[in-house]
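The values are calculated or read from the model by the stated rules, or taken from the named source; none is laboratory data. The shown structure was predicted, so the numbers you read here are calculated from the model rather than taken from an experiment. Virtual Cβ from ideal backbone geometry, glycine too; neighbours counted across all protein chains shown.
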Amino acid sequence: MLLVTGAYYPEISAAAVQCRAVAAAIGDRAQLSVLTTAVDRSLPSADTVDGRPIARVVVDVTSRASKALASMRLGVHLLRASGTYDMIHVHGFSQKNVAVSLLARLLGKPVVLTLHTAGQDEPTVVRRRGRLSAWAFESADLTMAVSPDLIARWRAAALPADRIRLVPNGVDTQRFRPASAAERASLRRALGWPERETIVLFVGFFSRDKRPDLLVHAWRRLGRAGVRVRLAFVGAKKSGYYEIDESLARQIADAAAADDRADDILFVEPGHDIDRAFRAADVFALPSIREAHPLALLEAMACELPCVASRLPGATDAIITDGENGRLFTPDDEAALATALTDILADPVRARAMGARARATVVERYDVTRTADAWLAAYDAVRIGRA
């Protein structure tokens, strides 16, 4: 199986993290290799990660010419390496999918497509790219979608219901687990966080869709009401990824300074030890206005954090039942976010119970081994259908 991705370790994206985690859970039940684009030019074009071969094609996502050239280079690799794989599993939809789908058809290789991203991996969005893009999107032998919302959009576009299946993201629940009081204190010392203050955590790119600025506005409301907590932001503030708005971190710092609370904002660069941040925090907030099946939310829940998330139909509300295993609020509603956070912070006993139910939800429904089994079942279904 050849996984074709927009990013892969050591670069960070939700799909990249998910692909690596599922590959590890699959183990030796399938031979996996990876073909990926990369924005970091210092990464080698040929590499090995976790014992699996990785081929990288550098791309500047802000340049249409660079993306076109990257698609050509992906195609060249598909041709040269055609004897090393039986099937192609493409993650997400972008310009790369056209070249991959055309070459797969030429080589007689079946294609599995996974839809990861709301607002991007959707039939109506892809069809606006033109007929060739629509063909590439719709021609996969089997499509998997990580959320009910993406399934609903597929069906609303009158695409065949028997060619798509729901396969949610999965989390390694052994790695993402609750921390004891002693572990939390040790993690906070290592991170440079205060040991005895309440910390609300945000994890994600600094993009307008992720709404880190909304969280700061709600946090300022809490401060004016006498509720003092610190905010920890873990995420890329600068990157080659197009969605990052480099002004957001400055605006957040300026807002905190205006309240004379600059020290209450903790900025942490993203890394591959993100489990430390989850296990060191007290509460997790996801104020996004666009998500499909947010991996960070699952990771926080697996660590038994009480979570507050914007209510996104077919996405967050498929994971959280408001008031039971987390809290949901109306997107972009600063006051509602502040109220949800206040409710959690005001009742630690209820918050701990909510966190325990959150972990139980992830263990039961979103353990990465379930996702790995679903991937393998999809591969078998395509193989048998092609036999």
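Numbers at a glance
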quantity	calculated
ALA179, sole failed condition from (1) over 30 Å from LEU102 (Cα atoms); (2) out of contact with any Phe, Trp or Tyr (no Cβ under 9 Å at 6 or more places or on another chain)	(2)
Residue under evaluation ASP141, criteria (1) acidic (Asp, Glu); (2) more than 27 Å from SER310 (Cα to Cα); (3) assigned by TED's automatic domain parsing to the domain that holds ALA356, criterion not met	(3)
Scan of segment 33-55 for residues that are crowded, with 20+ Cβ neighbours inside 10 Å and under 21 Å from the mean Cα position of the chain (by Cα), ordered by number	VAL34, LEU35, THR36, THR37, ALA38, ILE54
Members of segment 241-287 found to be small (Gly, Ala, Ser) and touching a Lys or Arg at 6+ places or on another chain (Cβ under 9 Å), listed by number	ALA249, ALA255, ALA256, ALA258, ALA280, ALA281
Close pairs from segment 255-274: first without any contact (Cβ under 8 Å) to a residue 12 or more places away in the chain, partner surrounded by 11 or more Cβ atoms within 10 Å (Cβ to Cβ), Cβ under 7 Å, at least 6 apart	ALA262/ALA253; ALA262/ALA256
Cross-chain or 6+ apart pairs with Cβ under 6 Å, segment 29-51 first and more than 16 Å from ALA70 (Cβ to Cβ) and assigned by TED's automatic domain parsing to the domain that holds VAL112, then modelled with pLDDT of 95 or more and among the β-branched types (Val, Ile, Thr)	ASP47/ILE54
Helices (runs of 4 or more DSSP H) wholly inside segment 226-325 containing at least 3 residues that are crowded, with 20+ Cβ neighbours inside 10 Å and either at pLDDT 95 or above or among the basic types (Lys, Arg) (or both)	274-280, 295-302
Top-ranked residue in segment 126-154 [being in a loop (DSSP other than H, G, I, E, B) and without any contact (Cβ under 8 Å) to a residue 12 or more places away in the chain; ranked as surrounded by the most Cβ atoms within 10 Å (Cβ to Cβ)]	ARG129
Hey, ASP254 in contact with a Leu (Cβ under 7 Å, 6 or more places away or on another chain) and acidic (Asp, Glu) or not	no
One residue from ARG188, ARG184, ARG221 being in contact (Cβ under 8 Å) with a residue 40 or more places away in the chain, in contact with a Pro (Cβ under 8 Å, 6 or more places away or on another chain) and either of a type in the set (Lys, Arg) or assigned to a loop (DSSP other than H, G, I, E, B) (or both)	ARG188
Contacts under 8 angstrom Cβ, first residue in segment 71-93 being under 16 Å from VAL59 (Cβ atoms), partner of a type in the set (D, E, K, R), 6 or more apart	SER71/LYS96; LEU74/LYS96; VAL90/LYS96; GLY92/ASP121; PHE93/ASP121
